[in-house]
1. Hey, can you tell me all the residues within the stretch B:187-244 that are touching a residue at least 24 places away in the same chain (Cβ under 8 Å), under 16 Å from the mean Cα position of the chain (by Cα) and within 19 Å of residue B:166 (Cβ to Cβ)?
2. Within the stretch A:143-161, which residues are in contact (Cβ under 8 Å) with a residue 12 or more places away in the chain and either closer than 16 Å to residue A:19 by Cβ or part of a helix (DSSP H, G or I) (or both)?
3. Does residue A:66 satisfy the condition of being crowded, with 23+ Cβ neighbours inside 10 Å, charged (D, E, K, R) and free of Cβ contacts under 8 Å to residues at least 60 places away in the same chain?
4. When residues of the stretch A:27-63 are filtered for being surrounded by 15 or more Cβ atoms within 10 Å (Cβ to Cβ) and either among the β-branched types (Val, Ile, Thr) or out of contact with any helix residue (DSSP H, G or I) (no Cβ under 9 Å at 6 or more places or on another chain) (or both), how many remain?
5. Of these, A:80, A:91, A:68, which one is among the β-branched types (Val, Ile, Thr) and facing chain B (nearest Cβ under 10 Å)?
6. Identify, from the list B:153, B:104, B:166, the residue that is without any contact (Cβ under 8 Å) to a residue 40 or more places away in the chain, closer than 30 Å to residue A:169 by Cα and away from every other protein chain (no Cβ under 14 Å).
7. Taking residue A:185 as the residue in question, decide whether it is part of a helix (DSSP H, G or I), aromatic (Phe, Trp, Tyr) and out of contact with any strand residue (DSSP E or B) (no Cβ under 7 Å at 6 or more places or on another chain).
8. Being polar (S, T, N, Q) and either within 14 Å of chain A (Cβ to nearest Cβ) or out of contact with any Leu (no Cβ under 8 Å at 6 or more places or on another chain) (or both) is the requirement here; does residue B:175 meet it?
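Coordinate-derived values only; no laboratory data. No experiment lies behind these values; they were computed from the predicted model shown. Note that each Cβ is placed from the backbone with ideal geometry, even for glycine, and that neighbours are counted across all protein chains shown.
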Amino acid sequence: MGLELYLDLLSQPCRAVYIFAKKNCIPFQLRTVELLKGQHLSDAFAQVNPLKKIPTLKDGNFILTESVAILLYLTHKYKVPDYWYPQDLQVRACIDEYLAWQHTTLRRNCLRALWHKVMFPVFLGEQVSPKTLTATLTELDVTLQLLEDKFLQNKDFLVGPHISLADLVAITELMHPVGAGCQVFESRPKLAAWCQRVEAAVGKDLFQEAHEVILKVKDSPPADPIIKQKLMPRVLAMIQ
Amino acid sequence: MGLELYLDLLSQPCRAVYIFAKKNSIPFQLHTVLFLEGQTCSKEFSQINSLQKVPVLKDGDFILTESSAILIYLSCKYQVADHWYPSDLQTRSRIHEYLGWHADNIRGTFGVTLWIQVLAPHIGTQVPEEKVKRNRTYMDRALQQLESKFLGDKAFLVGQQVTLADLMLLEELMQPVALGHDVFVGWPKLAAWRGRMEAFLGAELWQEAHNPIFNILEQMAKKTLPVPPPEFQTHMLLRISKIP
């Protein structure tokens, strides 16, 4: 059967996996699982991943979840260029450090920014109080500052002069609030310059292709009431 | 100077790093950074880690944070036994898969007990009851997924041998246990796994690493816990407000 990737480009970690596979010419069959239609909650998909989450990789009988695990698996199996996850122990450790840090910080805050600013009102028809939205956007701001001050600093990319898995994971996260209409780069020239470098390294066409869905997310039609009911508990758990 | 580790053994990820280094006879200089004395926010420590968190590894000029990154770095640099972080791609991937899930479901969940029982009351406040209840629900849900999705009938999380994943999980689960809330009750597979982990690590290392967390309730009762400086108490109150 070959490699299969279960993805929805609406999701940040799915975008990172998609871009990585495409950029490295890794042959795979794309299985689209539409989150906003609740397809990840279907019995059929539960056979693939009982935790009902994407991205999911299926390589023969081997099924793997969690985007960082998937990226590392693809890195090793397909022997991609060294700069993605270098042999150098310290550079590699810096990538591991970023990938560990980002789960509960950038990832979480980018997700909350999208849902509080756009998805709750537009897709779910649920009002979000101005206080909640302000708090979420403030936390995002704090995280963006940490990204600049602790990780990027004066380097071209997050861990050195070359793009790595860290940059790919970070940029796909940041496109979430960008898709929500947040001013992520406008007052942050360092981050904006880094974003341009990452986009150039990935390739403009591929970058735009991967982000087409998220950049149109504000135009999502409202959810069907049945879908909404199915999605709500998981959405609330996801953005805690 | 050699390897330096900045740790507070009250912290779950710090214990994981400490136990790993000791078990693998990795020589290091221990710098204890006491959370309760506000030392993570000191000017001195902030030079080492601007994020003001432990654990931190310092290897010459190289500084590394995040316990999973530290454990992987130590595994590779000191060429520890393969079972900790196997070279087999699929097994190694399972470790990363677990660590991804762990970040979202375990971290931030099992550490709340220390805040509820010790840190909040110690500075004269309380974690609201609704947050306590919610935390119990999150812990139960995580334990259920741990037994069914990760451990199953295996001896350890990703196979028949101990890996970094097991150590990271063990220290998280030991946090509430050390504070009198036995999370293993009702989860026989996890309880058996814990027994295997304890046996593997050995009684001496077990006691040594868990001494501070095992004794903290008694210290609180005897009023011998250090009082955090006022600015640090403000920082602690902010942390409490962020508990989901």
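1. Hits for the stretch B:187-244 are B:194, B:197, B:201, B:205, B:208, B:209, B:210, B:213.
2. A:143, A:144, A:146, A:147, A:148, A:151, A:152, A:157, A:158 - these are the residues of the stretch A:143-161 that are in contact (Cβ under 8 Å) with a residue 12 or more places away in the chain and either closer than 16 Å to residue A:19 by Cβ or part of a helix (DSSP H, G or I) (or both).
3. yes
4. Qualifying residue count for the region: 5.
5. Every option except A:68 fails the conditions.
6. B:166
7. So residue A:185 does not fit the description; no.
8. So residue B:175 fails the test.
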